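Peer 1: Okay, here's the structure, questions in a sec.
The values are calculated or read from the model by the stated rules, or taken from the named source; none is laboratory data. Just so we're clear, the structure is a prediction, and the values are computed from it rather than from any experiment. When we count neighbours, we look across all protein chains shown, and the Cβ atoms used for this are built from the backbone with ideal geometry, even at glycine. The accessibility values were calculated without ligands, DNA or RNA, using every heavy atom of the protein model including side chains. Shrake-Rupley method; radii C 1.70, N 1.55, O 1.52, S 1.80 Å.
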Amino acid sequence: MAGVHVKPSNYQDFEPYCKWRIEEGRDTLEIQLHGFRKDQVRIQRSSLGSMTITGERRVDQSRWARFRKEIKVSKDCKTNEITAKLTGGVLYIFMPKKSKLPSSQDQVTEPGQNPENEQTNPEINQDNVTKNLAGAVENDDTTTRNAIMLLTDAVFRLKMRKKMGMNVALAVVFMVAFVIYKNRQPPRVEN
């Protein structure tokens with residue numbers, strides 16, 4: 001069977017280090033993937049507003065390293081303009097934001113004031129107030145998204161630690177049982 005490549009079943013799952021950069025016009029997710037090439041990484045976007053990043057590469061003759069990362073894409077992201085670049089062992093995923101135009105509902109008025117009779121103050125630009133309020137809400141949304149992603153990562157790591165702990169416990173139990181089996185004395189038979 002020349003030319004047939006069979007992947008071993010010995011996979012080492014890992015959680016890559018990720019960092020978010022929140023900027024005015026876009027969010028950027030940086031994922032540390034040292035040793036990975038572009039053809040070893042895959043990015044899929046779902047219609048449910050999430051993105052899955054996966055990758056696998058050969059570590060040695062019998063082992064493979066792989067990861068799976070799922071993130072929630074912001075509602076204010078231009079999903080058709082998401083781009084990615086793998087450079088220097090870091091995967092950059094650029095997610096441009098939709099531009100926000102202030103609507104008439106976004107206008108801020110003081111209680112008891114009539115907006116039609118309002119005099120304009122040259123020092124306070126209403127558009128800047130609206131932008132600042134929209135930015136504060138956007139920052140809260142981003143903070144919430146980041147907290148959810150950190151919590152999801154922590155839960156995944158705990159699950160992996162639990163799984164690893166169970167494997168270690170089982171190995172210890174088998175080793176103890178083997179030692180007891182090997183050291184047991186055969187019954188003496190007296191004539």
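Peer 1: Among the numbered criteria (1) within 18 Å of the chain's Cα centre (by Cα); (2) at pLDDT 75 or above, which single criterion is violated by residue 182?
Peer 2: (1)
Peer 1: For the subset of segment 11-58 comprising residues that are closer than 30 Å to residue 99 by Cβ, in contact with a Pro (Cβ under 7 Å, 6 or more places away or on another chain) and in a strand (DSSP E or B), which member is most open to solvent (accessible area, probe 1.4 Å)?
Peer 2: The selected residue is 26.
Peer 1: Also: Write out, first by first residue and then by second, each pair whose Cβ atoms fall under 6 Å of each other, whose residues are 6+ apart or on separate chains, and whose first residue, in segment 72-83, is charged (D, E, K, R) while the second is surrounded by 16 or more Cβ atoms within 10 Å (Cβ to Cβ).
Peer 2: Sorted first by the residue in segment 72-83, then by its partner, the pairs are 76/97; 78/96; 81/96.
Peer 1: Looking at segment 27-47, I want the residues that are farther than 13 Å from residue 79 by Cα and have a partner that is open to solvent by 100 Å² or more (accessible area, probe 1.4 Å) with Cβ atoms under 6 Å, at least 6 apart or on another chain. Which pairs are those?
Peer 2: Going by the 6 Å Cβ cut-off, the qualifying pairs are 32/17.
Peer 1: Tell me, please, whether a residue that is at pLDDT 90 or above and of a type in the set (Val, Ile, Thr) can be found in segment 33-42.
Peer 2: So far as segment 33-42 goes, yes, one or more of its residues are at pLDDT 90 or above and of a type in the set (Val, Ile, Thr).
Peer 1: Continuing with this model, one more query. Taking interchain pairs and intrachain pairs at least six residues apart, which have beta carbon atoms under 7 angstrom, with the first residue in segment 1-26 and of a type in the set (S, T, N, Q) and the second open to solvent by less than 80 Å² (accessible area, probe 1.4 Å) and at pLDDT below 90?
Peer 2: Pairs that qualify, where the first residue is of a type in the set (S, T, N, Q) and the partner is open to solvent by less than 80 Å² (accessible area, probe 1.4 Å) and at pLDDT below 90, are 10/62; 12/59.
Peer 1: Let me ask something additional. Of (1) open to solvent by 70 Å² or more (accessible area, probe 1.4 Å); (2) modelled with pLDDT of 50 or more; (3) not charged (D, E, K, R), residue 121 satisfies all except one. Which?
Peer 2: That leaves (2) as the condition not met.
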